[in-house]
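S.K.: My questions all concern the structure below.
Nothing in this text is a laboratory measurement; each read-out follows from the coordinates by a stated rule. Small disclaimer: the values here were computed from a predicted structure and weren't measured. Note: ideal-geometry Cβ built from the backbone for every residue, glycine included; neighbour counts use all protein chains shown.
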Amino acid sequence: MAEYKKAPARGLNRIKALRRVLVNAKRLFYVRVMGMDLHPTVEFSLSAKFDMTYPKGVHVGAHSYVAFEVKILTHDRTRGLYTHTRIGENCFIGGRSMILPGVEIGDGSVVGAGSVVTKSVPPGSVVAGNPAKILRSGIKVEAYGRFPEADATESALVEQGDL
């Protein structure tokens with residue numbers, strides 16, 4: 001097994017322990033008080049917004065990551081719609097994306113930053129855009145939607161001094 005070098009912790013990553021406490025407290029509130037279905041291994045940014053109008057409709061699977069300022073919606077007041085929005089296991093939802101009510105993101109999928117997902121995404125797909133379109137399918141990802149070659153790429157950048 002290859003030995004990979006990791007990028008040094010910078011910025012807020014230096015206080016990762018405090019961030020983890022805050023995220024776990026927020027998850028506890030979402031799950032116990034609001035009734036959301038967030039697997040205990042889900043990671044999310046503190047600025048991610050989960051729909052509080054119909055919180056029981058939010059479902060996020062194991063080892064998925066919801067990045068900064070993502071909005072996951074479960075209701076549409078103009079149509080009187082209150083539905084379930086699901087994100088599968090091992091998914092990555094890119095920053096400032098919006099997942100509309102009733103959408104299902106299949107296991108092992110990646111949503112590009114700034115995407116507006118209006119339709120369900122099949123498992124193992126990369127989607128991006130407004131509205132989000134499938135760019136690639138049949139992809140393989142590891143936990144939190146990380147591509148298998150990501151560790152080698154990061155390690156090479158560290159060795160070059162770029163990180």
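S.K.: Fewest Cβ neighbours within 10 Å first, please rank 52, 98, 34 accordingly. Walk me through the intermediate numbers first.
M.R.: Working: 52 12, 98 20, 34 15.
Fewest to most other Cβ atoms nearby, the residues stand as 52, 34, 98.
S.K.: I would also like to ask the following. Once you sort the root eigenvalues of the Cα gyration tensor of segment 37-163 as a ≥ b ≥ c, which label holds: rounded (a/c under 1.5), prolate (a/b larger than b/c) or oblate (the other case)?
M.R.: Working: a/c = 2.04, a/b = 1.83, b/c = 1.11.
Because a/c hits 1.5 or more and a/b exceeds b/c, segment 37-163 counts as prolate.
S.K.: Ok, one more. Which residues' amide hydrogens lie under 5 Å from the amide hydrogen of residue 104, considering only partners 5 or more residues apart or on another chain, with H built in the peptide plane?
M.R.: 86, 120, 121
S.K.: Under 17 Å between alpha carbons, and skipping anything fewer than 8 positions from residue 26 in its own chain: which aspartates and glutamates qualify?
M.R.: 37, 43, 51, 69
S.K.: Could you tally the net charge around residue 76, taking each other residue with its Cβ under 15 Å from the Cβ of residue 76, Lys/Arg +1 and Asp/Glu -1?
M.R.: In short, +3.
S.K.: Could you sort out which of 71/133; 56/119; 49/133; 71/119; 16/49; 16/140 sit more than 25 Å apart by Cα distance in this structure? List each step's numbers first, then the result.
M.R.: Values: 71/133 18 Å; 56/119 20 Å; 49/133 22 Å; 71/119 15 Å; 16/49 20 Å; 16/140 28 Å.
In this structure, 16/140 exceed 25 Å between Cα atoms.
S.K.: Rounded to the nearest 10 degrees, what's the angle between the helix 16-28 long axis and the longest principal axis of the chain, both from Cα atoms, 0 to 90?
M.R.: 20
S.K.: Okay, next question. To test your reading of the geometry: what angle, between 0 and 90 degrees and rounded to tens, separates the Cα axis of helix 150-160 from the longest principal axis of the chain?
M.R.: So the helix axis and the longest Cα principal axis differ by about 40 degrees.
S.K.: Kindly write out, for segment 38-50 in residue order, the coupling ³J(HN,Hα) from the Karplus curve 6.51 cos²θ - 1.76 cosθ + 1.60 (θ = phi - 60°), rounded to whole Hz, with x marking Gly and Pro.
M.R.: Karplus-based 3J(HN,Hα) across segment 38-50 equals 10, 4, x, 8, 5, 10, 8, 6, 5, 8, 5, 10, 9 Hz.
S.K.: Efficiency by 1/(1 + (r/R0)^6): what FRET value for residue 56 and residue 133, r their Cβ-Cβ distance, R0 = 35 Å, to the nearest 0.05? Display every interim value, and only then the final one.
M.R.: Working: r = 30 Å, r/R0 = 0.85.
With a Förster radius of 35 Å, E is 0.75.
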